[in-house]
């Protein structure tokens, strides 16, 4: 079982020390685990909530989320201003007030049709001391926070290999009138 909270102190080192980018393949090695960068391609309402299509040019898969988080992800993608802050807005404001920012999100596991994710938060105080905090979270909330703060989303190679490719489903829906948010088009 993953620890719900993990704190990593970041000594002064180059930013690229923890990530090795492979630009051609879209993969990144993080702590000796290969991950693939993905984007939210579309969010569609379903009878039980929302289907979030996540992927890249090679593959797309679906994570089902509750309606409120699906709506939040959509609003962040479209940069819709809300009259009053919602839960993810409050979290974002709190993080900003504390000098924190979502650095990245990693969808790192899939067990019994349940996805697991980690959100990595970078904090810097007024003395320029840096801290990196890794938290366990629902993928839906992690995706919402990453979308809000324009942070990258990654999927572990193990999860990527296990999920079904839904690219054809998304392509067919796009042909029938679904238009993904302009920011997600490549």
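Numbers at a glance
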| read-out | value |
| --- | --- |
| Fewest-first ranking of 88, 93, using other Cβ atoms within 10 Å as the exposure measure | 93, 88 |
| Residue order, fewest to most beta carbons within 10 Å, for 153, 73 | 153, 73 |
| Burial ordering of 123, 155, fewest other beta-carbon atoms within 10 Å first | 123, 155 |
| Cα gyration tensor category, rounded, prolate or oblate, for the range 30-186 with a/c compared to 1.5 | oblate |
| Cβ-Cβ FRET estimate between residue 46 and residue 101, R0 fixed at 41 Å, reported to 0.05 | 0.85 |
| Inter-probe distance in nm under a simple model that places probes 7 Å from Cα toward Cβ, at residue 168 and residue 114 | 3.1 |
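Quick note: the coordinates plus some simple rules give every number you see, no bench work behind them. Remember, predicted model here, so these are calculated numbers, not experimental data. In this analysis, Cβ positions are derived from the backbone assuming ideal geometry, glycine residues included, and neighbour counts consider all displayed protein chains.
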